[in-house]
Amino acid sequence: MIAVLIIDMQKAFFEDPRLDRRQQETVEACNALITAAVENNVKVLLVKTEHEEDKSTWTLNMLDDNQGFIFRGSSQAQFVAGLRTEGLPQLLKTRDSAFLSTDLLLRLRNWNIDTVVLAGVSTHNCIAQTAADAFGYNIRVIHTSDATASEDEEAALAVQTILSREYRQQVLSLEEVTALIAGIPAAAGTEPPQ
């Protein structure tokens, strides 16, 4: 079974001008993915990052720089405008990977999920870390190419190439993923998850 993970579609990440210019199209693509999932009874989980101001959840680079980021309850921590969130479960994380120190694996196992579709930001960072950890748990991964964005496109392409080659993770278009979710057979040249 498939689940859709929408990762870090929060205001803080789109403060970067390189992501800001991709915000609207990424929101629209994530919403299309969410709609397809909901219409086909596929689980959707909104994953977001939040930290405590007391430094207890800060990452090493935050501690090294003595500068926190995305504090709980701040406007930065809110989902970006227009993202479909109503009625969808959420998962809070404090690290790049959605698996690290969360109950994501338990949720996926309870839902009998063997494949996750990833969307959101950043392709080369939080999405890539989540994808690599999914592989470690024998969970297949599909990256939705036009529903992800990165402030470093070169790094994003490099990481997705490695994940595709080494971990056999698929990178599919939004159209291909929504067809897969709807149970429409894959077109020639693409393979559905096994």
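Please treat every number below as a calculation from the coordinates, not as lab data. Just so it is clear, the model here is predicted, and its values are computed rather than measured. Glycine also receives a Cβ, built like all others from the backbone with ideal geometry; neighbour counts cover every protein chain displayed.
Which order, highest average first, do 167-173, 75-81 follow once you tally other Cβ atoms within 10 Å for each residue and take the mean per peptide?
Numbers: 167-173: 17.7, 75-81: 15.1.
Top to bottom by mean Cβ count within 10 Å: 167-173, 75-81.
What are the residues whose amide H is under 5 Å from the amide H of LYS93, where those residues sit 5 or more places off or on another chain and H is modelled from the backbone?
Hits under the 5 Å cutoff: LYS48, THR49, GLU50.
Rounded to the nearest 500 deg cm²/dmol, what is the calculated helix-only ellipticity per residue at 222 nm for the chain, with -39500 (n - 2.57) per DSSP H run of length n ≥ 4?
Details: 7 runs with 66 residues, N = 194.
Result for the chain, helices only: -10000 deg cm²/dmol.
Among HIS143, THR94, ASN112, which residue has its Cα positioned farthest towards the positive end of the charge dipole of the chain, with +1 placed on the Cβ of Lys and Arg, -1 on the Cβ of Asp and Glu, and the dipole taken about the Cα centre?
Checking the options against the dipole of the chain, the answer is ASN112.
Considering only DSSP beta bridges where both residues belong to the chain, give the percentage that are antiparallel (nearest 5).
Around 5 percent antiparallel, to the nearest 5.
For a quick check: with amide H placed at 1.01 Å from N, whose amide H comes under 5 Å from GLN10's, ignoring anything fewer than 5 positions away on the same chain?
VAL80
Using +1 on the beta carbon of Lys and Arg, -1 on that of Asp and Glu, and nothing else charged, what's the dipole of the chain about the Cα centre, debye to 20? Walk me through the numbers on the way to the answer.
Numbers: 16 positive and 27 negative charges, 119 e Å.
The calculation lands at about 560 debye.
Could you tally the net charge around THR57, taking each other residue with its Cβ under 12 Å from the Cβ of THR57, Lys/Arg +1 and Asp/Glu -1?
Net charge around THR57: 0.
Rounded, prolate or oblate: which fits segment 3-128, taking a ≥ b ≥ c as square roots of the Cα gyration tensor eigenvalues, rounded meaning a/c under 1.5, else prolate when a/b beats b/c?
Judged from the Cα gyration tensor, segment 3-128 comes out oblate (a/c at least 1.5, b/c at or above a/b).
List every residue whose amide H lies under 5 Å from the amide H of ASP146, counting only residues 5 or more places away in sequence or on a different chain, with H placed 1.01 Å from N in the peptide plane.
Counting only residues 5 or more places away or on other chains, the set is LEU174.
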